[in-house]
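Novice: Next up is a structure, given as structure tokens.
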Amino acid sequence: MISPHTKIKRTVGALDVVILVLALALGAYVYYRVDTVLAYNWSWDFLPGYFIRQDEQSGSWIANILLIGLVTTIRLAFWSMILAAILGAILGVMRTSTRLLPRLFSRVYVELIRNVPPLVFFFIFYFFISSQLMPALGISDFARNMSPENEKWVSILFGQPKLLENVISGIICLAFFEAAYIAEIVRAGIEAVPKQQYEAGLSVGLSRFSLLKSVVMPQALQKVLPPLANQFITLIKDSSIVSLISIQELTFLGQEVAVSTSKFFETWIFVAVLYFVICYALALLFGFLERRGSSSQR
Amino acid sequence: MAAAVNVDGCNKMIEFRSVNKWYGDFHVLKDIDLDIEAGQRVVICGPSGSGKSTLIRCINRLEEHQQGEILVEGEVLGDNPVANALIRRKVGMVFQQFNLFPHLTALDNCTLGPIKALGMSRAEAQERARAQLERVKIPEQADKFPQALSGGQQQRVAIARSLCMEPDVMLFDEPTSALDPEMIAEVLDTMIELADSGMTMICVTHEMGFAKTVADTIMFMDEGRIVEAAAPEKFFNSPDSARTRKFLDQILIH
Ligand SMILES: Nc1ncnc2c1ncn2[C@@H]1O[C@H](COP(=O)(O)OP(=O)(O)OP(=O)(O)O)[C@@H](O)[C@H]1O
Ligand SMILES: [Mg+2]
């Protein structure tokens, strides 16, 4: 058990050395198998060209498919996080409602989604979104007849206009899926705020809405920042699954590169590094927010 | 026995008319009748579990009663959340455990109600909050978070927070029982000053020195009833009820 008061050791003991040696040995063995037994011919030099390349005519640098995929993944993750956070907050508040119907609705939603594998959910939901929701929202029409002004904004926010439907479907799928988990986190956070805080808020005449917004939610959020960070990182990683419903993000385009070059190890290792970098950056950001939040209350 | 206080006069702040309340099967308030006028200062005492907290929490509808009527400034308390919010703006409440908002500074604790409930501008609310923090003698703590304050300071911030709503009546539920002994005096002093300013106060406390100085009526509750209600002089020297006498003997020994 690590309590906040346990001293964390920073020196290396004998056991640490043994574990380290074993880990290195395992790594060396895997490398040996791949290198000599499979006689795998490592070559990394093709990769930068798939990330960024020089245009033949103009000579300027332009993004190639891996970078485009990375940016699409970031856009996908960004918008689905926002949408999932909003939906999750609403569902989480509904879960704590005193009325039966909102509670029941939220409960059913959460249970349905939590007990279905993401891929299966995406297959079902994608069919519904692309065939029904996209036309209904008018996104299909909007994407086809866009003014140049709109086109500029859409490419900044969502990427290539011709893939708008594709990206938005991915965003909606991911957001609706992750919202169920965020709802549970939000509910736990709200329930962790003591009853006395509600009473104090009511006593200064706050309406239910102000109470929730200014008293309960800020405290709930502070409490759920670590699990929320976790869920957002999971969202980024789950975003790779939407490649299977042909959303053209990093994994989808990584697959194309891997297949067309037959450099499976190199491509996937590179893709893994890209995912690691964005997930880890997000973890650092949340770590910072958490420290700032808790130090402001000292 | 039901007690009616100051039945004459028409400036009624709070009225209870045969109020009954149950927690499940447990009959916590029994036939409470009560009249409190503007400017009155009532102290409520009684053994643990006698229903003191429940009684004052009914006044700002943190608890619901099942029978009878409660009127605050002539308005009957009911289930309408909007009406209740309006009534709570006129009724300040100070809790045993302070219940400050931990994510807000002392100043922001004080401005939240005026901004969100009274629709005041931030600048105006801050001016009012600083004045009230001055009044409870901790203007220099305005920018600190509650965790950085002592218990006595937190309770004074809580009092300032309530006063910022400019309430017509203040409710106190054992405001000093969670405090270390050396901090009780600073909070009681604040309350005495508040009483001197003419505030209507209803205060659950076992600080009998405070009751003698401040109260014009002391009530003794036992098993959900108001057993005795009298001016301090009579309450301490010649109470009607034997139970009151026994209770006084117990607490005055300490
Ligand atoms: N929410 C509740 N549900 C059930 N019973 C309750 C509840 N709140 C209070 N009670 C019971 O009602 C009785 C009166 O409680 P109340 O808090 O009003 O007493 P009190 O006079 O304020 O006591 P104390 O001096 O300990 O604060 C107690 O027996 C208590 O156990
Ligand atoms: Mg009590």
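Where a number appears in this text, it was derived from the coordinates with a stated rule and is not lab data. Keep in mind the model is a prediction, meaning the values are calculated, not measured. Please note: Cβ atoms are built from the backbone with ideal geometry, for glycine as well, and neighbour counts cover all protein chains shown.
Novice: Given a Förster distance of 51 angstrom, what is the FRET efficiency for A:Val116 paired with B:Leu118, based on the Cβ-Cβ distance and rounded to 0.05?
Specialist: 0.60
Novice: List the aspartates and glutamates whose alpha-carbon lies under 15 Å from that of A:Lys195, not counting same-chain residues fewer than 8 positions away?
Specialist: B:Glu63
Novice: Moving on to the next point. Helix B:81-90: angle to the longest alpha-carbon principal axis of chain B, degrees 0 to 90, nearest 10?
Specialist: 90
Novice: Please give the length that would be gained between B:Ser150 and B:Ser177 if that part of the chain were fully extended, namely 0.36 nm times their separation in residues minus their C-alpha to C-alpha distance (nm, one decimal).
Specialist: Numbers: separation 27, 0.36 × 27 = 9.72 nm, distance 1.42 nm.
Between B:Ser150 and B:Ser177, full extension yields an extra 8.3 nm.
Novice: Exposure proxy check: A:Asp55, B:Asp25 ranked by fewest other beta carbons within 10 Å?
Specialist: B:Asp25, A:Asp55
Novice: Shifting gears a bit: Against the longest principal axis of chain B, how steep is helix B:242-253, in degrees 0 to 90 to the nearest 10, with axes from Cα atoms?
Specialist: 50
Novice: Just tell me, in residue order, which DSSP H segments of chain A are both 24 angstrom or longer along the helix axis (alpha-carbon based) and at least 0.0 in mean Kyte-Doolittle hydropathy.
Specialist: Details: long enough: A:14-32 (27 Å, 2.09); A:65-95 (42 Å, 2.02); A:164-192 (40 Å, 1.28); A:217-238 (28 Å, 0.27); A:264-295 (46 Å, 1.33).
Span-like helices, by this rule, are A:14-32, A:65-95, A:164-192, A:217-238, A:264-295.
Novice: Taking R0 as 35 Å, what's the FRET efficiency between A:Lys213 and A:Leu104 from their Cβ-Cβ distance, rounded to 0.05?
Specialist: Numbers: r = 24 Å, r/R0 = 0.69.
With R0 = 35 Å, the Cβ-Cβ based efficiency is 0.90.
Novice: Could you list log10 I(q)/I(0) for segment A:66-296 at q = 0.10, 0.13 Å⁻¹, which the Debye formula gives when each Cα is one point scatterer?
Specialist: -0.55, -0.88
Novice: Something else now. Report, in degrees rounded to the nearest 10, the 0 to 90 angle that the Cα long axis of helix B:181-196 makes with the longest principal axis of chain B.
Specialist: 80
Novice: Using label points projected 7 Å from each Cα along Cα→Cβ, tell me how many nm separate A:Tyr29 and B:Asp216, to one decimal.
Specialist: Going by the 7 Å Cα→Cβ label model, 8.9 nm.
Novice: If you don't mind, another one. Give me the percent relative contact order of chain B, please, defined on Cα pairs under 8 angstrom at least 6 residues apart.
Specialist: On the way: 474 pairs, mean separation 66.0, N = 254.
Relative contact order comes out at 26 percent.
Novice: Using only the C-alpha atoms of segment A:160-287, find the volume of their convex hull and express it per residue in Å³. Write out the running numbers ahead of the final one.
Specialist: Working: hull volume 16.6 nm³, N = 128.
Per-residue hull volume (Cα only) is 130 Å³.
Novice: Report the semi-axes of the equivalent ellipsoid for segment A:1-118 in whole Å, largest first, where each axis is √(5λ) for an eigenvalue λ of the Cα gyration tensor.
Specialist: Values: eigenvalues 370, 230, 57 Å².
In descending order, the three semi-axes are 43, 34, 17 Å.
Novice: Roughly how big is segment A:243-298's charge dipole about its Cα centre, with Cβ charges of +1 (Lys, Arg) and -1 (Asp, Glu), in debye to the nearest 20?
Specialist: Numbers: 4 positive and 4 negative charges, 81 e Å.
About 380 debye.
Novice: Okay, moving on. Answer rounded, prolate or oblate for the protein assembly as shown, using the Cα gyration tensor with square roots of eigenvalues a ≥ b ≥ c: rounded when a/c is under 1.5, else prolate when a/b is larger than b/c, else oblate.
Specialist: On the way: a/c = 2.94, a/b = 2.32, b/c = 1.27.
Prolate, because a/c is 1.5 or more and a/b exceeds b/c.
Novice: With unit charges on the beta carbons (Lys and Arg positive, Asp and Glu negative) and the dipole taken about the Cα centre of segment A:66-296, which residue among A:Ile68, A:Val224, A:Ala136 sits farthest to the positive side?
Specialist: Most positive-ward Cα: A:Val224.
Novice: Using alpha-carbon positions, what is the distance between the centroids of segment B:198-254 and segment A:39-61, in Å?
Specialist: Centre-to-centre distance over Cα atoms comes out at 88 Å.
Novice: Then there is this: Starting from the Cα of B:Lys116, draw a straight line to each of the lysines and keep only those under 18 Å, dropping any in the same chain fewer than 8 residues away.
Specialist: A:Lys213, B:Lys90
Novice: At A:Glu149 and B:Phe26, where each label point lies 7 Å from the Cα along Cα→Cβ, what is the point-to-point distance in nanometres?
Specialist: For the pair A:Glu149/B:Phe26, the computed spacing is 6.7 nm.
Novice: Continuing with this model, one more query. Rounded, prolate or oblate: which fits segment A:109-159 when a ≥ b ≥ c are the square roots of the eigenvalues of the alpha-carbon gyration tensor, with rounded for a/c under 1.5 and prolate only if a/b beats b/c?
Specialist: Details: a/c = 3.68, a/b = 2.34, b/c = 1.57.
Prolate is the answer for segment A:109-159, as a/c is 1.5 or above and a/b outweighs b/c.
Novice: Next up: For A:Trp42 and A:Val12, compute 0.36 nm times the residue count separating them, minus their Cα-Cα distance, and round to one decimal in nm.
Specialist: On the way: separation 30, 0.36 × 30 = 10.80 nm, distance 3.44 nm.
Fully extending the segment from A:Trp42 to A:Val12 adds 7.4 nm.
Novice: Which whole-number percent is the relative contact order of chain A (Cα, under 8 Å, 6+ apart)? Before the final figure, lay out the partial values.
Specialist: Details: 272 pairs, mean separation 69.3, N = 298.
Result for chain A is 23 percent.
Novice: A further question on this structure: What dipole magnitude, in Debye to the nearest 20, does the protein assembly as shown give about its Cα centre under +1 on Lys/Arg Cβ and -1 on Asp/Glu Cβ? Show your work: numbers first, answer last.
Specialist: Working: 50 positive and 56 negative charges, 227 e Å.
Taking the Cα centre of the protein assembly as shown as origin, the dipole is about 1100 debye.
Novice: Calculate the translational D of segment B:103-254 in whole µm² s⁻¹ from Stokes-Einstein, where the hydrodynamic radius comes from the Kirkwood formula applied to all Cα pairs, the temperature is 25 °C and the viscosity 0.890 mPa s. Provide the component values of the computation, followed by the final result.
Specialist: Values: Rh = 16.9 Å.
The diffusion coefficient I find is 145 µm²/s.
Novice: Could you tell me how many cubic angstrom of Cα convex hull volume chain B has per residue?
Specialist: Details: hull volume 33.0 nm³, N = 254.
Output value, Cα hull per residue: 130 Å³.
Novice: Of A:Thr267, A:Thr251, A:Thr96, which is the most mobile in a GNM of chain A whose springs link Cα atoms less than 10 angstrom apart?
Specialist: A:Thr96
Novice: Quick one: B:Glu186, B:Glu69, fewest Cβ neighbours within 10 Å first, how do they rank?
Specialist: Details: B:Glu186 19, B:Glu69 13.
So the residues, fewest neighbours to most, are B:Glu69, B:Glu186.
Novice: Projecting each Cα onto the charge dipole of the protein assembly as shown (Lys/Arg +1, Asp/Glu -1 at the beta carbon, about the Cα centre), which of B:Met165, A:Phe122, A:Pro48 comes out farthest on the positive side?
Specialist: A:Pro48
Novice: Pull up the cross-link candidates among the lysines for A:Lys9, meaning alpha carbon to alpha carbon under 29 Å and not fewer than 8 places away within one chain.
Specialist: A:Lys223
Novice: Could I have the simple spin-label model distance between B:Ser197 and B:Ala242, label points 7 Å from Cα toward Cβ, reported in nm to one decimal?
Specialist: Between B:Ser197 and B:Ala242, the label points sit 4.5 nm apart.
Novice: Still on this model: When Cβ neighbours within 10 Å are restricted to other protein chains, what is their mean count per residue of peptide B:114-122? Can you show the working numbers first?
Specialist: Working: counts 2, 2, 11, 7, 2, 0, 0, 0, 0.
Going residue by residue through B:114-122 and averaging, the value is 3.
Novice: Also: Looking only at B:Val43, B:Val204, B:Val187, which one moves most when chain B is put into a Gaussian network model with springs between Cα atoms under 10 Å?
Specialist: B:Val187
Novice: Additional query: For segment A:66-296, build the charge dipole from Cβ charges (+1 Lys, Arg; -1 Asp, Glu) around the Cα centre, then report which of A:Leu235, A:Ala192, A:Gln160 sits farthest towards its positive end.
Specialist: My answer, from the dipole projection, is A:Ala192.
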